[in-house]
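The block underneath contains the structure these notes are about, expressed in C-alpha cells.
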Amino acid sequence: MGKLFFYVALALVVVSGVLFAPEHAALAIHPMDQFNVASLTGGAVSTFAITNVTLWLALAVVCVFLLMVVGSSRRAIVPSRAQSIAELTYGFIYKMVEDVAGKDGVKFFPYIMTLFMFILMANFLGLIPMSFTTTSHIAVTAILAGLVFFTVTIVGFVKNGVGFLGLFWVSSAPLALRPILAIIELISYFVRPVSHSIRLAGNVMAGHAVLKVFAGFAGALGLFSFLPIFAITAVYALEVLVAFIQAYVFTILTCVYLKDALHPSH
Amino acid sequence: MASNTQDAAHGAAESAPGMPQLDFSTFGNQIFWLAIALVAIYLILSRVALPRIAAVLAERQGTITNDLAAAEDLKAKAVEAEDAYNKALADARAEAQRIAAETRAEIQVGLDEAIAKADEQIAAKAAESEKAIGEIKAGALESVKVVAADTAEALVTALGGKADAKAVAAAVADRMKG
C-alpha cells in the first residue's frame, strides 16, 4: 500500500514535471551548494578566515555548553528536563565506553564524550533549514576519524608493546591461514579510518542533498509541489534519526577500536 | 576543462560543479576551526560538565541509598513498636485478669465472712427465739394450771361442794400429765 502510493506519487511528479513545468524554468537545483564554504567577512577562504564553518562549529560548542554546563548548573537531586538530558547523555556514553571498551577504557571517556557531543550537535544543527552542516565535510570527519585512528594505534603500542601486533595474528586460525589473515587484518585496520570518516560525512551529505533535490522539485512543480513537500517531511524525519544514529555509530566504533587497542587478543 | 578552471578562478562561493567537500582549498580553514571547537568542547566537558554530572549522579545515588537505609530503619522501628504495643496489650490483659481474679477472691472472702456472721446471728436469734418460745410455753402451761384449778374450784363450789385447793391442784396436775 505504501509502496503503491510511493510509485503513484513518483509517476505524478514526473508527469506533472513534464506537463506543468513553466516553459523556460530550467530545473535549477543545486543540491551541493549548501556545502559551500564561504567567508563571512568576504574575501578568500584562508586558513584563519572566519567562515560559515567557524559559525556553525561555534554554535555546536555553544549548544554543548548550554546542554552540559548550563543544563546541569543547578546540580539538582531531582533533575530538570535539561539536566535530565545531560545526565542521560552522560550515562549513555559512559555505559557504552564501559561495556564496549572495558573498565580500563573509562579513562578515555572524556575524549569519546567530546566526539559524541560534537557530532551529535553538529548533525542536529545541520538539520536547521539554511544552516551549514560541518559534519558533511570529509575534512572534518577525516580529522575526527584520524584522531581516533592515531590515538588507538598509539595507545595499543604503549599498552601492549609489540604484543599489539597480535591483533593481526589470528591465533585461533590454522597456522597456514594466519599470514593471509594477517594481511587481510592489516588492510582492514588501515581501511578503518576511511570507512569511519566517509560513513559519517556520506550519510549526512546524502540526506541533505536529497532534501535539497526534493526542495528543488517543490519549487518547479507549481500545483503539485505538495508531493515533494510530503517527501521532504518524510526524509527530514529520517534525517533526524540518521543524525543521532551516525553520532552513535561513530562513537561506538571508536569504543570498539579502543577495545582492540586495550585488549588486542581476538 | 576550460570551464573548470574558470569556476576555480571565481572561487568556491559560486556554484562550482562537483563537491565542495573535495575543494581542498577550504581544508585548512575547516581543520583549524575544528581543532579549536574540539579543544573547546573537550575543555568544557572534562573541566566542568563531566565532573559536575558525575558528582550529581553520585550524590543522587548516595541520597537514594541513604533514603532506602532510612526507610529500612523506620520499618524496623515500626515493627519494633508494633511488637512493643502487642506485648503491652498482652501484659495489660494478663494484669487485668489477675486483678479481676484477686478482686473476685477478696470479694469471696468477704462474702464468706459475711455469710458466716449472718449464720451466726441467725443461729443466735433462733436460739433466743426458741428460749422465748420455751418460756412462753412454760408460762402458758402454768397459766393453764391456774385457770384449770380456778375453774375446777368454781365448778366444785357451784355444784355445792367445798373445794379443797390442794386436792384440786393435785387433780389438775395429774390430768395435765395425762
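Here, each number is a calculation from the coordinates, and none is a lab measurement. Predicted model, so just to flag it, every value in this text is computed and none were measured. With ideal geometry, Cβ positions are generated from the backbone for all residues, glycine too; neighbour counts draw on all protein chains shown.
Summary of values
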read-out	value
Cα-derived Rg to Rh of the stretch A:23-133, Kirkwood definition	1.13
Average partner coverage of A:106-115, which counts Cβ from other chains inside 10 Å	4
Radius of gyration, Dmax [chain B; alpha carbons; angstrom]	67.4, 206
Estimated FRET transfer efficiency when R0 is 25 angstrom, pair A:ILE85-A:SER195 (beta carbons, to 0.05)	0.25
Rg/Rg_ref, the protein assembly as shown, where Rg_ref = 2.2 N^0.38 Å and atoms are Cα	2.61
Ordering of A:35-41, A:107-113, A:201-207, A:131-137 by packing [mean C-beta count within 10 Å, highest first]	A:131-137, A:201-207, A:107-113, A:35-41
Size of electric dipole in the stretch A:49-262: Cβ of Lys, Arg +1 and of Asp, Glu -1, about Cα centre, debye, nearest 20	240
Net charge over other residues, Cβ less than 15 angstrom from the Cβ of B:ARG52 (K, R count +1; D, E count -1)	+2
For chain B, built as a Gaussian network whose Cα springs stay under 10 Å, the top-fluctuating residue of B:ALA140, B:ALA58, B:ALA90	B:ALA140
Computed over the stretch A:49-262, Cα set: Rg, Dmax in Å	20.7, 69
Rg/Rh (Cα only; Kirkwood hydrodynamic radius) as it applies to the stretch A:134-182	1.20
Nearest-20 debye value, the stretch A:43-113 charge dipole, Cβ charges on Lys, Arg, Asp, Glu	220
Amide hydrogen neighbours beyond the local backbone of A:SER39, cut-off 5 Å, H modeled	none
Modelled FRET efficiency - R0 35 Å, B:SER46 with A:VAL78, Cβ distances, 0.05 increments	0.85
Cβ-based net charge around A:THR151, under 15 Å, with every Lys or Arg adding one and every Asp or Glu removing one	+2
Number of partner chain Cβ atoms within 10 Å, mean per residue of B:60-70	1
For the stretch B:54-109, fraction of C-alpha pairs farther apart than 18 Å, in %	63
Average other protein chain Cβ within 10 Å of Cβ, residues A:43-49	6
Ranked list, fewest to most other Cβ atoms within 10 Å of each Cβ, for A:PHE116, B:PHE24	B:PHE24, A:PHE116
Of A:GLY105, A:GLY222, A:GLY146, the one that fluctuates the most in a GNM where chain A has Cα springs shorter than 10 Å	A:GLY222
